[in-house]
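Notes to accompany the following structure.
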């Protein structure tokens with residue numbers, strides 16, 4: 001969830017925007033993390049939000065928008081103002097699972113334009129992820145996962161991993177997943193084991209056969225439960241044929257835990273999860289206003305009905321005990 005180091009930080013940012021001190025504001029924004037910038041955006045109106053996003057470095061914008069995904073109303077308003085070219089750049093700068101979450105809130109014309117602009121491989125990966133329920137393991141996973149074949153030597157496996165990282169870009173990982181010739185997940189090898197093993201040793205002789213994976217359609221709450229039970233920081237995802245198709249990383253697992261926590265708080269409070277985390281009193285009031293008005297009208301209606309039966313209540317006081325509490 002987006003937060004700032006100072007709850008009043010947005011006042012300074014707003015002042016810099018209004019006084020057109022763009023260079024000072026840009027320097028300030030570059031010193032903040034994406035999480036802090038997104039926290040500031042939540043306190044500003046749409047015009048100021050767009051002004052800040054225009055000042056950010058191009059690679060920072062996807063990271064900031066990713067932090068806003070818990071505040072879907074704000075995010076929808078912002079991306080609704082972007083051109084298809086800018087949306088395409090943002091989608092390409094995100095991890096595939098985060099990109100799928102962003103694309104899922106776009107309107108149909110924006111989705112078509114973005115998909116048309118994306119490279120063929122990215123479009124194919126994104127299309128695959130969008131087929132999953134966003135609250136399933138498939139909806140959480142990224143398809144980029146380091147895997148090696150059991151019949152390889154350690155030296156060959158290391159070369160494969162190096163080649164994969166050069167093609168896909170650097171990604172943090174602690175475990176390489178071992179697959180057979182049909183990409184069935186059959187085991188794991190830790191990075192430490194690869195570094196210490198003889199380069200001529202076979203992966204099949206090193207791997208741990210006790211591997212925990214989740215089905216692509218498993219609900220996200222169950223994924224988190226399994227990760228906690230087995231102390232996993234990364235959860236491999238398999239399809240119906242037991243083939244390795246992706247992985248769920250610790251940042252996504254933490255996001256799910258936080259989301260479920262605020263959903264539970266929202267249910268207890270009788271509100272939605274987004275309202276619990278909404279920093280703007282005006283937005284929260286606007287969202288609750290229809291229900292407050294409905295409750296007020298219900299109270300008036302109850303008073304009118306009870307007033308019409310006032311004489312009956314006076315004659316038979318026992319009836320009043322069934323009246324609702326004021």
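Numbers for the structure displayed
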{"quantity": "Scope region 223-248; condition over 18 Å from residue 97 (Cα atoms) and either within 17 Å of the chain's Cα centre (by Cα) or assigned by TED's automatic domain parsing to the domain that holds residue 95 (or both); matching residues", "calculated": "none"}
{"quantity": "All positions within region 93-114 that are over 20 Å from the mean Cα position of the chain (by Cα) and free of Cβ contacts under 8 Å to residues at least 24 places away in the same chain", "calculated": "108, 109, 112"}
{"quantity": "Extreme residue, surrounded by the fewest Cβ atoms within 10 Å (Cβ to Cβ), among residues of region 197-221 that are in contact with a helix residue (DSSP H, G or I) (Cβ under 7 Å, 6 or more places away or on another chain) and in a helix (DSSP H, G or I)", "calculated": "221"}
{"quantity": "1 or more residues in contact with a helix residue (DSSP H, G or I) (Cβ under 8 Å, 6 or more places away or on another chain) and closer than 30 Å to residue 143 by Cβ: qualifying helices (runs of 4 or more DSSP H) within region 1-118", "calculated": "34-41, 46-55, 60-67, 72-79, 84-92, 96-103, 108-117"}
{"quantity": "Looking only at region 222-266, and only at residues there that are in contact with a helix residue (DSSP H, G or I) (Cβ under 7 Å, 6 or more places away or on another chain), under 18 Å from residue 144 (Cα atoms) and assigned to a helix (DSSP H, G or I), the one that is modelled with the lowest pLDDT", "calculated": "252"}
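The values are calculated or read from the model by the stated rules, or taken from the named source; none is laboratory data. It should be emphasised that the depicted structure is a prediction, and the values quoted were computed from it without experimental measurement. Using ideal geometry, Cβ is built from the backbone for each residue, glycine included, and neighbour counts are taken over all protein chains shown.
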